[in-house]
Amino acid sequence: MKKLFRLKGRIQNYAWGGKKFLPELLGIDPRDIPYAEYWMGAHTNAPSMVLSDNVERPLDEFLREDPDQKLGSEVSEKFGRLPFLFKVLDVHDVLSIQVHPSKREAEKGFRLENEKGIPLTASNRNYKDDNHKPEIMVALSDFWLLHGFLPEDRLMEVLRDNSEFSELIPVFEKGGYKGLYKYVMELSAVESDRILKPLVERITPLFKSGKLSKSTPDFWAAKAIDGLAENQALDKGIFSIYFFNILKVPKGEAVFQDAGVPHAYLEGQNMELMANSDNVLRGGLTPKHIDVSELLRHIVFEATHPNIMSGTLEKDGKERIYHSPAPDFQLSGIALTEGQEFHCISRTTEIFIVIEGSALVAESDSSLDVKKGEAFLVLAGSDFKITTEQGVFVYRATTPC
């Protein structure tokens, strides 16, 4: 059975995406639209296409034909499907404040919304599938994000240093993270604007004159509301920008985000690998559906102490693995210089994408020439080699087993 295939991902044109990075990576002529994400996986919302016998077929359909052989019996029995979704992201504008549910809660929420008859495509749908969505990202450029609540002393410092938030100090002292966040998220639009408008009036001129640093919440709050109409209600997501850790992740380093950790991407490009899910509970900075009560049910209300990971370089010095506690996936980067070779026997279905350079991938009696922006798929039991004449860098998505 053939085990090596070209893979064509799916572009998602979400409004927050940039217009240059993904077209340049993928070698396509850009239109005047945002290119936000490039999906490589078997999620039913946007399955990748497998080129098999000169015919393109959806990856989910392709894998269902013989899951034990293609995924490997261990992964097939444990997950019943390709357990991960691999993406390239270009974040130009601030994404929504969000949190992802646990596996148990995703199954419960998906079942309940099905029983209520809410269509999967409905704008007010919270659960698109029955899966959890832990995720890991590795930066392709300097990447900025919000990641979990600030430690208690630093959050109290934020409340004290911004006079607009002074009335929130006793709320935090009495109710902790949950009491504070619940309080601001449940404010009426009138009350929320009463607190936020003086803040916005203070930081907007500083933003427009280039006097704010990206390391400060003032910068991202001002960027998030830049261009709003004067009488438009302010988004409560601004509170989150001040309450959460602001991280700058250098190129090649990674961050893992588990269920319950509130977060938002702010700016930059990254590789993202997650469980095979599209479940997102949103809390602001988005025109999409926001369900505050559901959001509050799933947030872990505790301080997050960020762990920016450099990854572990394997003994041969060619593959850097970014380990995480998620059983669904493992992300790594493979760097080969002129004349080097990477040899592996896959235990499950794996997806690769070339970020720089070009290579020859050979498996049994089949081979592929691949270059920047191209993806390929290997099936379980594939004994394959990647070789390069001029150098290549690829990212690899697999399942630890």
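None of the figures in this text is laboratory data; all of them are computed from the coordinates on show. If you're wondering where the values come from, they're calculated on a predicted model, not measured in any experiment. Here Cβ is always computed from backbone atoms with ideal geometry, including for glycine, and neighbour counts include all displayed protein chains.
Annotations
- In the range 147-247, Cα pairs under 8 Å separated by at least six residues give a relative contact order of 36 percent.
- Karplus-based coupling profile of the range 145-156, in residue order and whole Hz: 8, 8, 8, x, 6, 4, x, 3, 5, 6, 5, 4, with θ = phi - 60° in 6.51 cos²θ - 1.76 cosθ + 1.60 and x standing for Gly or Pro.
- Taking amide H as placed 1.01 Å from N in the peptide plane, Asp142 has its amide H under 5 Å from the amide H of Lys251, each at least 5 places away in sequence or on another chain.
- Highest average first, the peptides 11-20, 245-254 ordered by how many other beta carbon atoms sit within 10 Å of their residues are 245-254, 11-20.
- Structure-based [θ]222 nm, the chain - -39500 (n - 2.57) summed over DSSP H runs of at least 4, per residue, nearest 500: -8000 deg cm²/dmol
- Burial ranking of peptide ranges 272-285, 58-71 (average Cβ count within 10 Å, highest at the top): 272-285, 58-71
- HN-Hα J in Hz across the range 36-48 - Karplus 6.51, -1.76, 1.60, θ = phi - 60°, x for Gly and Pro: 8, 9, 10, 8, 10, x, 10, 5, 5, 5, 7, x, 5
- In order through the range 341-357: 3J(HN,Hα) via Karplus (6.51 cos²θ - 1.76 cosθ + 1.60), integer Hz, x for Gly, Pro: 9, 10, 10, 7, 10, 6, 9, 7, 5, 10, 10, 10, 9, 7, 9, 9, x
- Peptides 116-123, 256-263, ordered by how many other C-beta atoms sit within 10 Å of their residues on average, highest first, read 256-263, 116-123.
- Cα-based helix-to-principal-axis angle, 189-208 vs the chain, degrees rounded to 10: 70 degrees
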